[in-house]
Amino acid sequence: MHSIQPVLLQSRWAAVFPWLALVMPNAACSQTTAEFERAGDRFENVSALGDMPADQMGKVMNMMSAALGVNCSYCHADTNFAQEQVGHKDVAREMLEMTLSINRERFGGKTTVTCHTCHRGQPVPNPSVSLATTCSFQRHLIVRGRC
C-alpha cells in the first residue's frame, strides 16, 4: 500500500474521470493521508493509469469503452490485458495525457474535457460537424422567402 494525499490524486485523475473524485476521501475533511493500493502495483503494464486506485480500474475501463463505443478487445488481446499486441493502448495513453493536460492548463484542473468530449461513442472522433440539419433549415427559409 502507498500513502498519497487525496488532493493530489483528485487533481490529476478527477480531471479525466469526474466520478473518481466522488469515491476518494475528501482532502478538506481530513489532514491524514488515504491508504489505497495503486493500479500500478496490482496490474501489469498500466503506465498511464498506474497512480490511480486499483479498485477503480474496472470503472475507468468501462468509461473509456463507453466513450469510444468499443469493447475490451479494441485495446486488449484476449484476457491478457497486459499484452501490447493490439496497438490502441499507446494511443489511449497519449489521449489520457492530452486530456489531463488540457484540463490542467486550460480549465484550472476542472473536469471539462473527457474521452466522450471528442469521441461521442465512436472509436475515431468525427473531425467535422454535420450540416444536414442546418442546410435543411436554410432550404425551408429560402422556400418561405425568409432568406
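Please go through the stretch 91-116 and pick out each residue that is exposed (fewer than 14 other Cβ atoms within 10 Å of the Cβ), more than 22 Å from Val46 (Cβ to Cβ) and not acidic (Asp, Glu).
Within the stretch 91-116, Arg106, Phe107, Gly108, Lys110 meet the criteria.
Do we have Ala21 as at pLDDT below 90 and either in a loop (DSSP other than H, G, I, E, B) or under 15 Å from the mean Cα position of the chain (by Cα) (or both) here?
Taking the combined requirement at face value, the residue satisfies it.
Would you confirm, using the coordinates I've provided, whether Thr117 is in a helix (DSSP H, G or I) and of a type in the set (Ser, Thr, Tyr)? Lay out the reasoning, then the answer.
On the way: in a helix (DSSP H, G or I): yes; of a type in the set (Ser, Thr, Tyr): yes.
It is true that Thr117 is in a helix (DSSP H, G or I) and of a type in the set (Ser, Thr, Tyr).
How many residues, within the stretch 51-63, are small (Gly, Ala, Ser) and either open to solvent by 30 Å² or more (accessible area, probe 1.4 Å) or modelled with pLDDT under 90 (or both)?
Narrowing the stretch 51-63 to residues small (Gly, Ala, Ser): 54, 58.
Next cut, either open to solvent by 30 Å² or more (accessible area, probe 1.4 Å) or modelled with pLDDT under 90 (or both) only: 58.
Qualifying residue count for the region: 1.
What residue, among those in the stretch 91-114 that are basic (Lys, Arg) and in a helix (DSSP H, G or I), is farthest from the chain's Cα centre (by Cα)?
Initially, the stretch 91-114 is screened for residues basic (Lys, Arg), giving 93, 104, 106, 110.
Narrowing further to those that are in a helix (DSSP H, G or I): 93, 104, 106.
On the way: Arg93: 10, Arg104: 14, Arg106: 16 Å.
Among residues in the stretch 91-114 that are basic (Lys, Arg) and in a helix (DSSP H, G or I), the one farthest from the chain's Cα centre (by Cα) is Arg106.
Being exposed (fewer than 12 other Cβ atoms within 10 Å of the Cβ) and either assigned to a helix (DSSP H, G or I) or touching a strand residue (DSSP E or B) at 6+ places or on another chain (Cβ under 6 Å) (or both) is the filter here; which residues of the stretch 64-90 pass it?
Within the stretch 64-90, Ser73, Gln85 qualify.
The values are calculated or read from the model by the stated rules, or taken from the named source; none is laboratory data. Treat the numbers as computed from the prediction; the structure is a model and nothing was measured. Note: ideal-geometry Cβ built from the backbone for every residue, glycine included; neighbour counts use all protein chains shown. Note: areas computed on protein heavy atoms with side chains; ligands, DNA, RNA excluded. Shrake-Rupley method; radii C 1.70, N 1.55, O 1.52, S 1.80 Å.
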